[in-house]
Amino acid sequence: MLIKIIVLIIIGTASGIIVAGGIFAFITTIGVIDRLATHSDSANKIHLYEDIVVLGATFGNIVMIFQLAIPFGIVGLIMFGLFSGCYVGCTAVALAEVTKVFPVFTKRIQLRAGTSFLLLCMAIGKAVGSLYQMFFKA
């Protein structure tokens, strides 16, 4: 029984590290932090922004995993909602810019037809995955 628990801890920790690394690589690749720092004329503080993103993701993971209450009552909830909305908004705008890559990608792989079908399948897959997670939680 103890070996099973240790193996589960190792697998869970390794999976979490891999997923977190992928998320941070994605955020770095689409350049959200760089663009925000450039537009706000604070490029000299980019390392601080990156540290804040890592701390925010860590805090968010701890809250989600251990199902902790948001501290500081309604003020904490408002701040959490505000920052979460800013994150989602910035990610959505960055993703919209990334979709400009699809024409270049399809040209390079010489895909003549079916681009709209490819995007539709990606959107349907994301929607079905989200609905599954929302209604059929394990």
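The values are calculated or read from the model by the stated rules, or taken from the named source; none is laboratory data. All figures in this text were calculated on a predicted structure; none of them were measured in a lab. No Cβ is skipped: glycine too gets one built from the backbone with ideal geometry, and neighbour counts run over all protein chains shown.
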Residue among I23, I5 that is among the β-branched types (V, I, T) and in contact (Cβ under 8 Å) with a residue 12 or more places away in the chain: I23
May I ask you to verify whether V88 is free of Cβ contacts under 8 Å to residues at least 12 places away in the same chain and under 16 Å from the mean Cα position of the chain (by Cα)? yes
Any hit, the range 112-123, residues being more than 29 Å from S15 (Cα to Cα), among the hydroxyl-bearing types (S, T, Y) and outside the structural domain of G12 (by TED's automatic domain parsing): yes
Scanning the range 108-122 residue by residue, those at pLDDT 75 or above and surrounded by 10 or more Cβ atoms within 10 Å (Cβ to Cβ) turn out to be L120, C121, M122
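Yes/no matrix, rows are residues, columns are (1) modelled with pLDDT of 80 or more; (2) in the same structural domain as S84 (by TED's automatic domain parsing); (3) out of contact with any Pro (no Cβ under 7 Å at 6 or more places or on another chain); (4) not acidic (D, E):
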{"residue": "A14", "(1), (2), (3), (4)": "yes, yes, yes, yes"}
{"residue": "V19", "(1), (2), (3), (4)": "no, yes, yes, yes"}
{"residue": "G22", "(1), (2), (3), (4)": "no, yes, yes, yes"}
{"residue": "A25", "(1), (2), (3), (4)": "no, yes, yes, yes"}
{"residue": "L36", "(1), (2), (3), (4)": "no, yes, yes, yes"}
{"residue": "E50", "(1), (2), (3), (4)": "no, yes, yes, no"}
Residue in the range 32-56 that is surrounded by the fewest Cβ atoms within 10 Å (Cβ to Cβ), counting only those that are farther than 21 Å from I17 by Cα and among the small types (G, A, S): S40
